[in-house]
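Every number here is computed from the coordinates shown, using simple stated rules; none is lab data. If you're wondering where the values come from, they're calculated on a predicted model, not measured in any experiment. No Cβ is skipped: glycine too gets one built from the backbone with ideal geometry, and neighbour counts run over all protein chains shown.
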Amino acid sequence: MANLQSEFLGIKSPNPFWLASAPPTDKEYNVVRAFRAGWGGVVWKTLGEDPPIVNVNGPRYGAVHGPDRRLLGLNNIELITDRPLHVNLQEIKKVKRDWPDRALVVSLMVPCEERNWIDILKLVEDTEADGVELNFGCPHGMSERGMGSAVGQVPEYIEMVARWCKANTRMPVIVKLTPNITDIRYPARAARQGGADAVSLINTLNSIIGVNLDNFAPIPEIDGKGSHGGYCGPAVKPIALNMVAEIARDPETAGLPISAIGGITTWRDAAEFIALGATNLQVCTAAMTYGFKVVQEMISGLSDWMDEKGFASIDDFAGRSVPRMSDWQYLNLNYVTKAVINQDLCIKCGRCHIACEDTSHQAITHMVNGKRHFEVIDEECVGCNLCVNVCPVEDCITMKQIHGIDPRTREPIPEVYANWTTHPNNPGAVKEAAE
């Protein structure tokens with residue numbers, strides 16, 4: 001049976017599934033229930049200075065749903081904990097004492113002054129927590145005080161604060177990165193340069209979830225007005241996967257431990273993040289949607305899949321996808337595929353034809369000999385696979401590599417690898433060859 005025991009920055013936990021810093025980790029009651037349900041660890045909801053901040057007394061969330069009412073994305077305007085600092089610290093110390101086998105990391109966000117960070121680090125150290133996570137990602141609160149994404153969007157600030165913290169605590173320091181930035185590699189590099197032990201990502205994305213078309217207030221609304229918030233949930237997973245991969249394959253941050261956050265809902269999501277370089281997983285929206293016991297399906301599913309693949313531990317497949325990541329310019333231009341429709345599985349809905357006819361390459365029939373029939377026209381197909389993605393029947397349409405002559409170009413398909421950097425249509429390649 002696969003071993004899911006985890007050691008992240010020397011912090012041991014029975015599995016790599018931790019609850020992210022959020023409402024589910026705001027108090028002892030929640031955290032204990034989470035541990036009883038099987039979570040390997042938690043990142044305690046972000047602590048700040050006393051007096052505590054004040055959250056709105058009204059709607060804090062907005063949602064995007066699929067046609068079946070399944071939650072796709074969640075927007076929130078909640079800030080850091082609004083419970084007194086001393087109460088949080090007392091509860092953290094008690095939970096860590098009662099659950100020594102579980103990971104307990106504390107999220108922190110204070111104004112961007114060294115003394116503020118030193119003071120709160122000393123308080124957290126006294127709780128015997130396992131580590132701290134520097135919240136440089138909150139997109140909707142207290143930027144006017146030099147906090148949250150106001151820090152995370154400036155690499156120099158990230159490096160500076162990380163250096164302060166590393167110089168003033170024995171605890172491992174994780175830097176939580178904001179996705180509200182052009183290139184995630186720069187803040188990750190800054191975190192490493194500042195001595196951070198790891199990065200966690202992604203925090204939430206700036207968002208307005210919708211507008212009330214009766215009174216025209218953004219949703220969620222408070223007394224007729226709304227504000228932008230942080231977007232999370234399954235919808236942000238592709239963005240998070242890309243950013244995790246960018247850090248894992250960047251020469252300047254390669255090997256930097258990564259705690260992945262962003263839409264993790266199933267064991268498959270977890271496996272994908274691990275394959276792209278993460279060795280720890282943080283979850284929030286799934287727990288808020290389905291309850292704490294959702295972790296049990298994640299644990300059993302990941303364990304079963306690892307057994308099937310022959311992986312004894314997470315380290316056996318962590319980062320396996322990283323070498324397969326490539327910039328577009330290095331993709332093989334001599335790899336030619338065509339779509340193939342399985343007529344036995346086809347339900348003749350016509351979605352593939354409509355999508356291809358209206359928006360792509362007019363490469364799928366809809367009538368043959370006067371009868372409704374959907375088949376790929378190889379002479380027109382560019383292998384884009386749009387039809388695969390709009391087809392409602394799984395595996396009805398597949399992509400098949402072809403060799404020899406490409407029916408579309410009527411040219412031989414070279415068997416050797418070639419990419420855009422050497423293609424004759426690339427002005428840069430032509431210039432380089434001339435020199």
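Structure summary
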item: Cα centroid separation - segment 294-324 against segment 208-266, whole Å; result: 25
item: Size of electric dipole in the chain: Cβ of Lys, Arg +1 and of Asp, Glu -1, about Cα centre, debye, nearest 20; result: 640
item: Exposure proxy order (Cβ contacts within 10 Å, fewest to most) of Ile347, Ile402; result: Ile347, Ile402
item: Where trypsin sites (Lys or Arg not before Pro) fall in DSSP loop in segment 364-433, at most 14 other Cβ within 10 Å; result: Arg410
item: Which of Thr25, Asn76, Pro238, positive extreme of dipole for the chain (C-beta unit charges); result: Thr25
item: Partners for Lys93 among lysines (Cα-Cα distance below 18 Å; same-chain residues under 8 apart left out); result: Lys12, Lys27, Lys45, Lys122
item: Dipole of the chain [Lys/Arg +1, Asp/Glu -1 at C-beta], most positive-end residue of Val43, His423, Val110; result: Val43
item: Calculated FRET efficiency for the pair Leu345/Met367, C-beta based, R₀ 25 Å, to 0.05; result: 0.80
